């Protein structure tokens, strides 16, 4: 089983239409016998300058943003490799965008 942790960025196959792209893990790590899933927010290079996009400058990411409107839950079998992780402040910025999108702010 692949081990993913909250705050890590993984390259993941999101299917034909959504492509292979970097994804930030929002959920906690699953433990057996839980389902082997992770809730992620995907990174896009096609930004629209919305209030729900959070740009993060990392050497392993192309210019773009994590889009809080692109939250999904995927099987860990769709993860390819770990790219890196966010700092606490960067993670807080993404969390705040997600809370705003979901009306939890």
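Of the conditions (1) under 23 Å from residue 37 (Cα atoms); (2) surrounded by 11 or more Cβ atoms within 10 Å (Cβ to Cβ); (3) in contact (Cβ under 8 Å) with a residue 40 or more places away in the chain, residue 67 fails just one. Which one is it?
Failing condition for residue 67: (3).
Output the number of the condition that residue 47 fails; it satisfies all remaining conditions of (1) in a loop (DSSP other than H, G, I, E, B); (2) more than 17 Å from residue 4 (Cβ to Cβ); (3) out of contact with any strand residue (DSSP E or B) (no Cβ under 6 Å at 6 or more places or on another chain).
(3)
Considering only region 19-40, state which residues are closer than 23 Å to residue 99 by Cβ and free of Cβ contacts under 8 Å to residues at least 40 places away in the same chain. Steps first, please.
Here is the first cut: in region 19-40, the residues closer than 23 Å to residue 99 by Cβ are 21-30, 37-40.
21, 25, 28, 29, 37, 39, 40, listed by residue number.
With 77, 105 as the choices, which residue is modelled with pLDDT under 95, in a loop (DSSP other than H, G, I, E, B) and exposed (fewer than 15 other Cβ atoms within 10 Å of the Cβ)? First the steps, then the outcome.
Values: 77 fails: in a loop (DSSP other than H, G, I, E, B).
Unique residue meeting the criteria: 105.
If the Cβ limit is 9 Å and pairs must be 6+ apart or interchain, which residue in region 83-105 that is free of Cβ contacts under 8 Å to residues at least 40 places away in the same chain pairs with which residue that is crowded, with 19+ Cβ neighbours inside 10 Å and in a helix (DSSP H, G or I)?
If the second residue must be crowded, with 19+ Cβ neighbours inside 10 Å and in a helix (DSSP H, G or I), the pairs left are 104/98.
Only one of 56, 98, 94, 41 is surrounded by 18 or more Cβ atoms within 10 Å (Cβ to Cβ), at pLDDT 95 or above and assigned to a strand (DSSP E or B); which? Steps first, please.
On the way: 56 fails: assigned to a strand (DSSP E or B); 98 fails: assigned to a strand (DSSP E or B); 94 fails: assigned to a strand (DSSP E or B).
Criteria check complete, one pass: 41.
Please specify each residue of region 15-27 satisfying the condition of being outside any strand (DSSP E or B) and either modelled with pLDDT of 95 or more or exposed (fewer than 12 other Cβ atoms within 10 Å of the Cβ) (or both).
Of region 15-27, the ones outside any strand (DSSP E or B) are 15-19, 26-27.
Those that are outside any strand (DSSP E or B) and either modelled with pLDDT of 95 or more or exposed (fewer than 12 other Cβ atoms within 10 Å of the Cβ) (or both): 15, 16, 17, 19, 26, 27.
The values are calculated or read from the model by the stated rules, or taken from the named source; none is laboratory data. Bear in mind that the values here come from a model prediction, so they are computed numbers and not experimental data. Cβ coordinates were reconstructed from backbone atoms using ideal geometry, including for glycine residues, and neighbour counts include every protein chain displayed.
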